[in-house]
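Novice: Pasting in a structure now, in structure tokens, and then I'll have a few things to ask.
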Amino acid sequence: MRLLLNRLGQTAIVLFGVTVVTFFMMHSAPGHPLQANPELRLDPTAVERWLELQELDGPLPAQYISWLSRMFRGDFGMSLIYSRPVKELALERLPATLLLTVPAFLLALGLAIICGTWAALRQGGFADRLLGLGTLAGLSLPSFWLGIILMMLFSYGYPWLPAAGMRTAEDSSVSDILTHLILPLTMLIVGSFSYYVRYVRYAVSDVLSQDFIRIARARGFTEIYIVFRHVLPNASLPIVTVAALSLPLLFTGALVAEYVFSWPGIGRWIIISTMARDYPVIMAVNLSTAALVALSNLLADLLYLLIDPRLRIKA
Amino acid sequence: MERRQSVELYLGIGLIMVLTAFAVMAPFFTNYDPHQTDAERWLQSPGREHFFGTDRLGRDIYSRVVYGARVSLAVGILAMLLSITVGTALGSLAGYFGGFADQLIMRLTDIVLVFPTMLLALTLVAIFEPAIWLVVLVIGGTGWPAVARLVRGEILRLKSLEFAAASRMLGASHWRVLLVHLLPNALGPILVAATVAVPAAIMTEAGLGYFGLGIQPPIPTWGNMLREAQNYIRYAWWYATFPGAAIFLTVFAFHLIGEGLRQRINPMSQVGRGRRAYYH
């Protein structure tokens, strides 16, 4: 219980820190968007009035407090470019991002658990070494370049798959979205699979080297029984950790994949907003992503307690 | 764990030596000025004259890739030095002194770690004007928390060993124990972290360049070359292929070194447990 409270306290501190960092990061930005283009020659009184409307004129701590209280109420402000609420814009784009990232995450992790376990069972064998070298190469592939190469091969070289977007105009069939999904999904999976597989292999081989596995073998249990009954449950803790900790990675992957393939999701929107210095959008995205990551780390710790009864007793 | 000759280490070191030689002595390896445009020969496919073809302005892609290695390696190594220095300093302070300093430093690392590196880098580069020093600062500034955690764990472990206590009993000051006895023993994992930090920095730099928020043209970087190439992939396969392959090769070489070192000193036994050790 004390452990749990401790973790909750830590998460609260981190969340507070995240709001402070985000807020002051944005306010250290030189100038505001209306100053970005000197050729506009805006009326100074109009600029002042605009700053007042956006609440950008008070002292910093006051601005921070009013900003924070608005965030708490779920009001992320208006996008400076679209003149629409940030929340609305984000929610419009969220399904597309989830459609890309959730299958990528599940497929990559699932494949990694299968291949990683397989490799750990045949340590030092040909397949293990091939996987080791292959995943090292997978980690070294710049994802955006992989995306471009995939596009060059399968959209232009062999015109099999669409190069951009999520759907063809006037075609709302599921198969149309699926064909649009293949390339960005492949690109995402290569990177995260390579990342997960190495941890899975390590976690499984760590369990395999322990005495109770040797005893289980000595007792004559089948290899399959041992793997599912003894090895995987014991290896699940580090696997859960790495899955939870990979959330930022997944996010970055989505950012790049959406940008390369013009996928109409949150990632592409962020990059466009960043280039246009749409501060409310950048702030909201930084804040919510960081908060999400902090909470998923907390969730991982709670999952430990669920998975491993020993920790519950210790806690 | 079986021991085997690590081919990876030597292959990686060899590759990096070759790449560094190309980067340092770029003028000797290239026939063209990377900035020299040629209106007659834009988007020429690779051939005897231009090994990697020419780009949209008729510049020699091979020369630009070679000169681009300078930027990538410089940014990668400088950012690595920054994150290793800051991370080692903060991590060892937190690990050795514990208490309030530890809490403060570890919460700080937590805060930095919950921001995806690329998002933080994008945001910071968008706030300030993109420049080489800023890119180094941003990548190094987002890379130190991982190092800090690693070093902290290592110092915690070493601190509890007999030789640390013995050295204290012989009258050594805390600083002396930390700097002379504990840190040198933590060098192995730090070295591995360093070889992983360089390719990570190179990748982030290239990503920023690709988004148009990294080091700006006309300085040739692999990232901004890919950005330019993006609009021509339909007509010129070589335009995007070679700069990307250069990133891949460089990052791969560093990963090979990291893997080779890891097999030698095996700090992999920390991975996956490091985080838990620290929360409990």
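Novice: Only residues that are out of contact with any Gly (no Cβ under 7 Å at 6 or more places or on another chain) and either crowded, with 22+ Cβ neighbours inside 10 Å or touching a residue at least 24 places away in the same chain (Cβ under 8 Å) (or both): list them for the stretch B:183-198, please.
Specialist: Residues satisfying the conditions are B:Leu183, B:Asn185, B:Ala186, B:Gly188, B:Pro189, B:Ile190, B:Leu191, B:Ala193, B:Ala194.
Novice: I've got another one for you. Looking at (1) touching a residue at least 12 places away in the same chain (Cβ under 8 Å); (2) closer than 25 Å to A:Gly253 by Cα, can you tell me which one B:Ile61 breaks?
Specialist: B:Ile61 satisfies all of (1) touching a residue at least 12 places away in the same chain (Cβ under 8 Å); (2) closer than 25 Å to A:Gly253 by Cα except (2).
Novice: Among the residues of the stretch B:203-259 satisfying the criterion of being among the hydroxyl-bearing types (Ser, Thr, Tyr) and crowded, with 24+ Cβ neighbours inside 10 Å, which is modelled with the lowest pLDDT?
Specialist: This residue is B:Tyr239.
Novice: Look at A:Val207 and say whether it is without any contact (Cβ under 8 Å) to a residue 60 or more places away in the chain, more than 22 Å from A:Leu250 (Cβ to Cβ) and buried (at least 16 other Cβ atoms within 10 Å of the Cβ).
Specialist: Yes.
Novice: Say whether the condition of being in a helix (DSSP H, G or I), of a type in the set (Phe, Trp, Tyr), within 18 Å of A:Ala104 (Cβ to Cβ) and facing chain B (nearest Cβ under 10 Å) is met by at least one residue in the stretch A:196-213.
Specialist: Yes, some residue in the stretch A:196-213 is in a helix (DSSP H, G or I), of a type in the set (Phe, Trp, Tyr), within 18 Å of A:Ala104 (Cβ to Cβ) and facing chain B (nearest Cβ under 10 Å).
Novice: Would you mind telling me which numbered condition in (1) more than 13 Å from chain A (Cβ to nearest Cβ); (2) under 30 Å from B:Arg157 (Cα atoms); (3) within 19 Å of the chain's Cα centre (by Cα); (4) among the hydrophobic types (A, V, I, L, M, F, W, C) B:Val198 fails?
Specialist: (1)
Novice: Can you pull out the residues in the stretch A:109-152 that are aliphatic (A, V, I, L, M) and facing chain B (nearest Cβ under 10 Å)?
Specialist: A:Leu133, A:Leu136, A:Ala137, A:Leu139, A:Leu141, A:Leu146, A:Ile148, A:Ile149, A:Met151, A:Met152
Novice: Still on this structure: Given the condition under 30 Å from B:Asn231 (Cβ atoms), within 12 Å of chain B (Cβ to nearest Cβ) and not hydroxyl-bearing (Ser, Thr, Tyr), answer yes or no: does some residue in the stretch A:161-174 qualify?
Specialist: yes
Novice: Return the residue satisfying two criteria in turn: it lies in the stretch A:233-255 and is small (Gly, Ala, Ser) and part of a helix (DSSP H, G or I), and of such residues it is nearest to A:Ile213 (Cα to Cα).
Specialist: A:Ala235
Novice: What number of residues within the stretch B:210-250 satisfy the criterion of being under 19 Å from B:Phe22 (Cβ atoms), touching a Leu at 6+ places or on another chain (Cβ under 8 Å) and free of Cβ contacts under 8 Å to residues at least 60 places away in the same chain?
Specialist: Residues in the stretch B:210-250 being under 19 Å from B:Phe22 (Cβ atoms), touching a Leu at 6+ places or on another chain (Cβ under 8 Å) and free of Cβ contacts under 8 Å to residues at least 60 places away in the same chain: 3 in total.
Novice: Would you pick out the residues in the stretch A:175-194 that are more than 14 Å from chain B (Cβ to nearest Cβ) and β-branched (Val, Ile, Thr)?
Specialist: Matches in the stretch A:175-194: A:Ile177, A:Thr179, A:Ile182, A:Thr186, A:Ile189.
Novice: Keeping to the stretch A:14-41, report how many residues are crowded, with 16+ Cβ neighbours inside 10 Å and either modelled with pLDDT under 65 or part of a helix (DSSP H, G or I) (or both).
Specialist: Qualifying residue count for the region: 13.
Residues checked against (1) among the hydroxyl-bearing types (Ser, Thr, Tyr); (2) closer than 26 Å to A:Ala137 by Cα; (3) out of contact with any Lys or Arg (no Cβ under 9 Å at 6 or more places or on another chain); (4) within 14 Å of chain A (Cβ to nearest Cβ):
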residue	(1), (2), (3), (4)
B:Ala146	no, yes, yes, yes
B:Ser160	yes, no, yes, no
B:Gly209	no, yes, no, yes
B:Gly212	no, yes, no, yes
B:Pro220	no, yes, no, no
B:Gln230	no, yes, yes, yes
B:Ala240	no, yes, yes, yes
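Novice: Do we have any residue at all in the stretch A:234-242 that's among the aliphatic types (A, V, I, L, M), surrounded by fewer than 21 Cβ atoms within 10 Å (Cβ to Cβ), in contact with a Leu (Cβ under 6 Å, 6 or more places away or on another chain) and in contact (Cβ under 8 Å) with a residue 12 or more places away in the chain?
Specialist: Yes - at least one qualifying residue is present in the stretch A:234-242.
Novice: Still on this model: Does B:Glu154 count as acidic (Asp, Glu) and more than 10 Å from chain A (Cβ to nearest Cβ)?
Specialist: So B:Glu154 passes the test.
Novice: Which numbered condition trips up B:Leu187, out of (1) within 13 Å of chain A (Cβ to nearest Cβ); (2) closer than 30 Å to B:Ile13 by Cα; (3) at pLDDT 85 or above?
Specialist: For B:Leu187, the exception is condition (1).
Novice: Moving to a separate point now. Report whether or not A:Ala291 is facing chain B (nearest Cβ under 10 Å) and in contact with an Asp or Glu (Cβ under 8 Å, 6 or more places away or on another chain).
Specialist: It is false that A:Ala291 is facing chain B (nearest Cβ under 10 Å) and in contact with an Asp or Glu (Cβ under 8 Å, 6 or more places away or on another chain).
Novice: Sticking with this structure for a sec: May I ask you to list pairs of residues, at least six apart or on different chains, whose Cβ atoms are under 6 Å apart, with the first in the stretch A:122-141 being in contact (Cβ under 8 Å) with a residue 24 or more places away in the chain and the second being of a type in the set (Val, Ile, Thr)?
Specialist: A:Thr135/A:Val197; A:Gly138/A:Val190
The values are calculated or read from the model by the stated rules, or taken from the named source; none is laboratory data. Values in this document were obtained by computation on a predicted structure and should not be read as measured data. Here the Cβ is made from the backbone with ideal geometry for all residues, glycine too, and neighbour counts use every protein chain on show.
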